[in-house]
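Note sheet for the following structure.
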Amino acid sequence: MKHLAALNKYFISYKWRLILGLLFTAISIVFSVFQPIMVRQIFDLLSHNIDEYRILSHTSLNKIFRSDFTGVLAFYGISILIFALLSGFFLFLQRQTLIVMSRHIEYDLKNEIYQHYQQLDLNFFKMHRTGDLMSRITEDVSRVRMYVGPAIMYASRTVFLIVIIVYLMLQVNPLLTLYTLSPLPFLALTIYYVNRIIHRKSEKIQAQLSNITSIAQESYSGIRVIKSYIQEDASARHFEDASESYKDSSISLAKTDALFQPIMALMIGLSVILTIFIGGIQVIHGNITVGNLAEFVIYVNMLMFPFFSIGMVASMIQRAAASQQRINEFLQIRPEITDNPGAETVPLTGDIKLENVSFTYPHTGIKAISNFNLHIKPGQKVAVIGKTGSGKSTLAQLLIRMYDPQEGRILMNDNNIRSLTLTGLRDQISYVPQDVFLFSDTIANNIRFGDPTADIEKVQQAARQAYVEKDILSFNEGFETEIGERGVTLSGGQKQRISIARGLIKNPNILIFDDCLSAVDARTEKEIIGNLYAYLQSKTAIIITHRIFALFEFDKIIVLDEGKIVEEGTHEELLSLNGYYSELYARQQRNEEEGVNS
């Protein structure tokens, strides 16, 4: 239950809806308990007047007596109907306030989780599966909504009804009330025991549901790989095994839930038997009337649904507690990359310095950058080359503060980037990653993602500079072409060039291209670099690539190995060293010649 305390802020936000809902609940119950009172009066009226009716049945007053008596019964009948309608009306208002409140809380909670996800570091998303993230913001939130809506509604009605009915029963006969309610302690013990089991099983079920969601999400995303390796059956078996575990756990929970109903029925049955037996004795001794006994039986029946709902509410609360615990686990995680106190936004001209920078990935322990020193002057074009795992992409991510180095510092315009606001830093840098991600939207909107305010002319210009405009115009819908999830309708090269256009439309002073031309051929890469050269004249550009022949015009080329700069200079200077760069250049030249000859 302590995990559900995190929801109290929402109850405070919607306190008037909650108060109104509880008020409507109380009013509805007040009108409903008038009905057994009316029934008691009818039975007592019949009991007191039955002898008089028999005496007058053979006299001239019989007709008058029957008429008056019928009128009284009609009055009570109409009164019962009116009270029932009023009770139903306020019950309707109760649902309108409490259930609507739960929908508002569901909306707010989903937004809170989503916005929190957006603030978390890149490392968080590497450590958690996408399906698990989705399950917590959908399935778990839905379970929590059942607590803030139906559970609150049923629980409040149960509490009000029990309090009012027990009070009225005590006013009639305390001894009979004691016997009637005697099964309740056994009910409380049962609820306590079963609730602990439900909470434990609910936690397990939600974890298994997250696993199923993750498996499905990965299968859909990787369907091309699954089909190309003919692994459809293996994938189906994997999903079936996970579903089987979820099914078994759900059945186990359902069996536990099923304990409530027969136990409740047994307790209610005992209460009815005790009421009739003890009440009958009380009637015989003249301690209560027949109407009181009828009233008690109705009260017990009115308590039937509240007692039944105790099990349902307890199950809802325990499931919600398990789900809220999972939600709290993520909400309590705080991002490590944040704006430091006093952080400010400073215009960046492109002057970049890395001083003795070292970085180790926290989740793997791999040291990606070691004692790294580099100075890039404003307007310089720097190429970064190296083997896979040499630290090229890590360097790019450090520059935009996806991670912070454990040692050393990174300066831009002589300001430590930790003293800059994240928004101010990233807004002045265009980073085009190696792994292209396009949204299920139009091509124009995907390019416009870099500048949401850009008009179509600016979008077209960015596409032209990225050497992709011709490809886009070949589509029937042009820039309004829907590209499907992750750009599934485009080739790898087209996706990379659209991603480049997204970076160019931002028009920053600093651009970082992280091997974003790996899916295009050498000739297309030369065309793109040629288009970009004029655009990049006044900008600082860092291009991570593995194709040396496209690097001739760069001011500086650095070669990385195991997170260190092993070679640095211009193209000619590096060739003269006869090192890694020279070997790679010669190998690529041979491959190019062999490709031409073939």
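Here, each number is a calculation from the coordinates, and none is a lab measurement. A quick note: this is a predicted structure, and the numbers were derived from the prediction, not measured. Ideal geometry is used to build each Cβ from the backbone, glycine not excepted, and the neighbour counts take in all protein chains shown.
Could you please rank Val272, Val459, placing first whichever residue has the fewest other Cβ atoms within 10 Å of its Cβ?
Val272, Val459
Considering only Ala321, Phe160, Ile42, whose Cα is most displaced toward the positive end of the charge dipole of the chain, charges sitting on Cβ of Lys, Arg (+1) and Asp, Glu (-1)?
Ile42
How long is the gain from Ser474 to Ile337 if the chain were fully straight, where each residue apart is worth 0.36 nm and the alpha carbon distance is subtracted?
Residue separation times 0.36 nm, minus the Cα-Cα distance, leaves 45.1 nm.
Share of antiparallel DSSP beta bridges in the chain, in percent to the nearest 5?
Counting DSSP beta bridges with both partners in the chain, the antiparallel share is about 50 percent.
How many nm separate the modelled label positions at Ser518 and Phe89, each set 7 Å beyond the Cα in the direction of the Cβ?
Using points 7 Å along Cα→Cβ, the separation is 7.0 nm.
Between beta-carbons, use under 12 Å as the cut-off and find the net charge around Ala294, counting Lys and Arg +1, Asp and Glu -1.
Net charge around Ala294: -1.
Taking every eigenvalue of the Cα gyration tensor of the chain, multiplying by 5 and rooting it, what semi-axes result, largest first, whole Å?
Semi-axes, largest first: 77, 24, 23 Å.
Taking θ = phi - 60°, what integer Hz values does the Karplus form 6.51 cos²θ - 1.76 cosθ + 1.60 yield along segment 303-308, in sequence order, with x for Gly and Pro?
7, 4, 5, x, 5, 4
Give me the extension gain from Lys255 to Gln171: residue separation times 0.36 nm, minus the current Cα-Cα distance, reported in nm with one decimal.
26.2 nm is the gain from fully extending Lys255 to Gln171.
Find out how many positive minus negative residues lie around Pro335, taking Lys and Arg as positive, Asp and Glu as negative, among other residues whose Cβ is under 12 Å from that of Pro335.
Around Pro335, the surrounding residues sum to -2.
What's the exposure ranking of Asp140, Asp257, going from fewest to most Cβ atoms within 10 Å?
Ordered from fewest to most neighbouring Cβ atoms within 10 Å, Asp140, Asp257 come out as Asp257, Asp140.
Could you tell me the center-to-center distance, by alpha carbons, between segment 294-365 and segment 502-536 in angstrom?
With segment 294-365 and segment 502-536 each reduced to a Cα centre, they are spaced 41 Å.
Ignoring solvent entirely, what values of log10 I(q)/I(0) come out of the Debye formula for segment 436-532 at 0.12, 0.13, 0.18, 0.24 Å⁻¹ when each Cα is a single scatterer?
Debye output, listed in q order: -0.32, -0.37, -0.75, -1.39.
Name the shape class, rounded, prolate or oblate, that the alpha-carbon gyration tensor gives for segment 99-331, where a ≥ b ≥ c are the square roots of its eigenvalues, rounded holds for a/c under 1.5, and otherwise prolate holds if a/b is larger than b/c and oblate otherwise.
Prolate, because a/c is 1.5 or more and a/b exceeds b/c.
Take Arg143, Arg464 and order them by how many other Cβ atoms sit within 10 Å, fewest up front.
Arg464, Arg143
Hey, got the dipole for the chain? About the Cα centre, +1 on K and R Cβ, -1 on D and E Cβ, debye to the nearest 20?
Computed about the Cα centre, the dipole is about 2020 debye.
To the nearest 0.05, what FRET efficiency results for Leu189 and Phe239 with a Förster distance of 56 Å applied to their C-beta separation?
0.85
Calculated FRET efficiency, Asp451 and Arg200, Cβ-Cβ r, R0 45 Å, to nearest 0.05?
0.30
With n ≥ 4 as the cut-off for DSSP H runs, can you work out [θ] at 222 nm for the chain, using -39500 (n - 2.57) per run divided by the number of residues, rounded to the nearest 500?
-21500 deg cm²/dmol
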